[in-house]
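What follows is a short report on a single structure.
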Amino acid sequence: MISLRFLVIGKDIDYGGPVDPREVKMVLEQLYKPSFEMLKKWEMNEKGVGGVFAAQRGGAIILEAESAEELSPKIKSLPFWARESWEIIPLQTFQSAIEDLDRQIEQVKKMAAMPPKPK
């Protein structure tokens, strides 16, 4: 099966209200750090690219998978999965985009060569 590329964007869910520093310590140590370590391994093992958004609580990575169904459990395995809002965007290769454009250009050429409809 062909491997697909997905842009995976995670943004922290804002729970609002005051935050207990002990809870923040626990969340950072037990959820965020292990999640970032997993993402770093995925980036290295899959020769992917990703990172966190500068000065923001979110980030993105491009991952390969055979399907969205294959990708979903992988993302859900991240310790901070439930604390993030996720957007998954399938990516089309530049080569397939060029092939699509070539087909569109041919269609437009055929349409342009047709005689105009009488009024």
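Among the conditions (1) in a strand (DSSP E or B); (2) touching a residue at least 12 places away in the same chain (Cβ under 8 Å), the only one that Gly51 does not satisfy is (2). When residues in segment 1-39 are screened for being under 18 Å from Trp86 (Cβ atoms) and not small (Gly, Ala, Ser), 18 of them pass. On the stretch given as segment 77-102, residues that are touching a strand residue (DSSP E or B) at 6+ places or on another chain (Cβ under 9 Å), more than 21 Å from Met44 (Cβ to Cβ) and in a helix (DSSP H, G or I) total 1.
Kindly evaluate Ile62 against the criterion of being touching a residue at least 40 places away in the same chain (Cβ under 8 Å), farther than 28 Å from Gly16 by Cα, outside any helix (DSSP H, G or I) and not hydroxyl-bearing (Ser, Thr, Tyr). Yes; evaluated as a whole, the condition is true for this residue.
Selection of segment 82-92 for residues being surrounded by fewer than 16 Cβ atoms within 10 Å (Cβ to Cβ) and either of a type in the set (Lys, Arg) or more than 14 Å from the chain's Cα centre (by Cα) (or both) yields only Ala82. For segment 1-53, taking the residues that are surrounded by 14 or more Cβ atoms within 10 Å (Cβ to Cβ) and charged (D, E, K, R), the one that is nearest to Leu91 (Cα to Cα) is identified as Arg5.
Only the coordinates and a few stated rules stand behind these numbers; no lab work does. A quick note: this is a predicted structure, and the numbers were derived from the prediction, not measured. Cβ atoms come from the backbone with ideal geometry, glycine included; neighbour counts cover every protein chain shown.
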